[in-house]
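The values are calculated or read from the model by the stated rules, or taken from the named source; none is laboratory data. This one's a predicted model, so the numbers in the text were calculated from it and none came from an experiment. A quick note on method: Cβ atoms are made from the backbone with ideal geometry, for glycine too, and the neighbour counts reach across all protein chains shown. Side chains are part of the model used for accessible areas, which takes the heavy atoms of the whole protein and leaves out ligands, DNA and RNA. Shrake-Rupley method; radii C 1.70, N 1.55, O 1.52, S 1.80 Å.
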Amino acid sequence: MARLLEYIISVDHRSERYDANGHCVGPATSGPLKFPDRLDWDLNEELVDIIERAAEDAEKRTKDLQLRIMVHDAFGKGAIKKCKLGPDGFIQMAIQLAFYKEHQQFCLTYEAGMMRLFRDGRTETVRPVTQQSCAFVKAMCNPKTSKEECRKLLYFACENHQETARRAMIGEGVDRHLFCLYIVSKALKIDSPFLQQVLGEPWRLSTSQTPHDQTGVLRTNEFPERLSFGGGFGPVRQCLDQL
């Protein structure tokens, strides 16, 4: 979806293929491709009822979702790197600090780590909440802590987060291994209270986002108006914060 959005923003809507009402300009042609065939579904009353109830439930959940996008342009990753901090770790620590100040507690946080080093590799979970991140957050919330100490703890937290992300990318994460153990336990009909507890804990923060400029055609330095919001994960539980 992120790649499609970038293509539409940078190429498609500038090609003058559409009129003011959004309709295609010129006659419809199939080119080398055949026109698609319409699929006619044979549905009984039971299936129709299931589909209608599913549609009503989806609409209800959509109306219950609140989405707010904040555009931050005070500084970017360049300024963060000049401070010798990783942008991802910096943002993760900012998220943890904001959540703690709002709720007065830490929570299980999800961040996706790409496993491109492996054939058919998909993702592994990076867990931003660590002893180092908690120490930084508590220091920031303590008025007696000096700025120098806060800066030092932020550096340690970002370095630890970057190392955690690296380990996840090379297959040294824990969550996919735990999930595989859970699948094996089900196949062997072995009851594991440990796996049930670990995998049953709710993720209250989902912080993953698809990066910008996956297509290489945005050229945001020349055309900043082409910047897209990429994509991310939607809520999976009630009362969640999705960032």
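Descriptive notes on the structure:
- The number of residues in region 73-110 that are free of Cβ contacts under 8 Å to residues at least 12 places away in the same chain and in contact with a Lys or Arg (Cβ under 7 Å, 6 or more places away or on another chain) comes to 1.
- Those residues of region 144-180 which are touching a residue at least 40 places away in the same chain (Cβ under 8 Å), surrounded by 13 or more Cβ atoms within 10 Å (Cβ to Cβ) and over 16 Å from GLN131 (Cα atoms), in sequence order: ALA168, MET169, GLY171, GLY173, VAL174, ASP175, ARG176
- Of the residues making up region 96-118, those that are under 17 Å from GLY173 (Cα atoms) and part of a loop (DSSP other than H, G, I, E, B) number 5.
- Some residue of region 19-42 being part of a helix (DSSP H, G or I), over 30 Å from VAL137 (Cβ atoms) and over 25 Å from the mean Cα position of the chain (by Cα): no
- Filter result for THR125 (free of Cβ contacts under 8 Å to residues at least 60 places away in the same chain and assigned to a strand (DSSP E or B)): yes
- Yes/no for ILE91 being under 25 Å from LYS138 (Cβ atoms), open to solvent by less than 50 Å² (accessible area, probe 1.4 Å) and under 21 Å from the mean Cα position of the chain (by Cα): no
- Options THR220, THR215, THR210: the member that is in contact with a strand residue (DSSP E or B) (Cβ under 7 Å, 6 or more places away or on another chain), of a type in the set (Ser, Thr, Tyr) and at pLDDT below 70: THR210
- In region 181-193, the qualifying residues are those that are of a type in the set (A, V, I, L, M) and open to solvent by less than 90 Å² (accessible area, probe 1.4 Å), and the one that is nearest to ALA139 (Cα to Cα) is ILE183.
- Selection count, region 94-105, where residues are open to solvent by 50 Å² or more (accessible area, probe 1.4 Å) and polar (S, T, N, Q): 2
- Summed over region 56-83, residues that are open to solvent by less than 90 Å² (accessible area, probe 1.4 Å) and farther than 30 Å from GLN162 by Cα total 2.
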